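The values are calculated or read from the model by the stated rules, or taken from the named source; none is laboratory data. Bear in mind that the values here come from a model prediction, so they are computed numbers and not experimental data. Cβ coordinates were reconstructed from backbone atoms using ideal geometry, including for glycine residues, and neighbour counts include every protein chain displayed. These area figures cover heavy atoms from the full protein model, side chains too; ligands, DNA and RNA do not enter into them. Shrake-Rupley method; radii C 1.70, N 1.55, O 1.52, S 1.80 Å.
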Amino acid sequence: MIWLLHHIDALLIAPFRWPDDPMLGFWLGLIVLLVITLGIGEISRRLAHRLTGKIEGSARRELVKYHELTMSALRSGNGDAYRAVNRLATSSLDRTWGLGMTKTLAMLWPAFLAAAWLHARFDGVVVSEIPLVHVEISALFAFGIAFVALWLLMAHIRARKIDEPEETPS
């Protein structure tokens, strides 16, 4: 990994050096790093979705089927059938959850690489300080907070896009 960080260092440090003001350069560089990180993460997520989409769809349909069978067995009072189908439903849920995590982790790996680079480059650099409590904010902390905020914003936008019905041309 050190080899990779060494080779991408010149590319990643460039935006930090564009402005003459060091603080402005830091924030500009951090924004560019966030955009690169989130962009690569989104591409990775879409690739993971393309690779696992059919399997995940099948697993979700299976999960719904087992859930309905479980509820039917529960309503009928058949405890043995309920336990048997519930085991299958749990297995299907685990599979569905694991396939969903594939996309999440595919989006996160660039953040870990960026965090490793930031730590190597800016370890010990104080970006800001929280007044009154005198807590110093490191570059890595600033990146982490900004990444999580933007990642959640992207997830919210993606969820809204999925929930909204497509407009049909008139």
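Our note on the geometry: Cα centres of segment 48-114 and segment 1-34, 41 Å apart.
Considering only Val32, Val127, Val64, the Gaussian network model of the chain with Cα springs below 10 Å gives its largest mean-square fluctuation to Val64. The stretch between Leu108 and Ile55 holds 16.9 nm of extra length on full extension. This uses 0.36 nm per residue minus the Cα-Cα distance. Listed options for semi-axes √(5λ) of the Cα gyration tensor in Å are (i) 44, 19, 17; (ii) 22, 20, 15; (iii) 31, 19, 14. The value calculated from this structure is the one marked (i). Annotation for Ala159 and Ser72: the two label points, set 7 Å from Cα along the Cα-Cβ direction, are 3.2 nm apart. Could you compute the FRET efficiency for His7 and Asp123, with r as their C-beta to C-beta distance and R0 at 30 Å, rounded to 0.05? Calculated value: 0.95. Just the protein heavy atoms count here, and of the accessible area of the chain at 1.4 Å, carbon and sulfur take up 66 percent. Taking every C-alpha pair closer than 8 Å and separated by at least 6 residues, the mean separation divided by the residue count of the chain gives a relative contact order of 21 percent. Applying 0.36 nm per residue to the separation of Arg87 and Ile43 and subtracting their alpha-carbon distance, the gain on full extension is 12.3 nm. When the chain is treated as a GNM with alpha-carbon contacts under 10 Å, the residue of Ile36, Ile55, Ile13 showing the greatest mean-square fluctuation is Ile55. Taking the chain as a Gaussian network of alpha-carbon nodes connected by springs under 10 Å, the highest mean-square fluctuation of the residues Leu118, Leu132, Leu99 belongs to Leu132.
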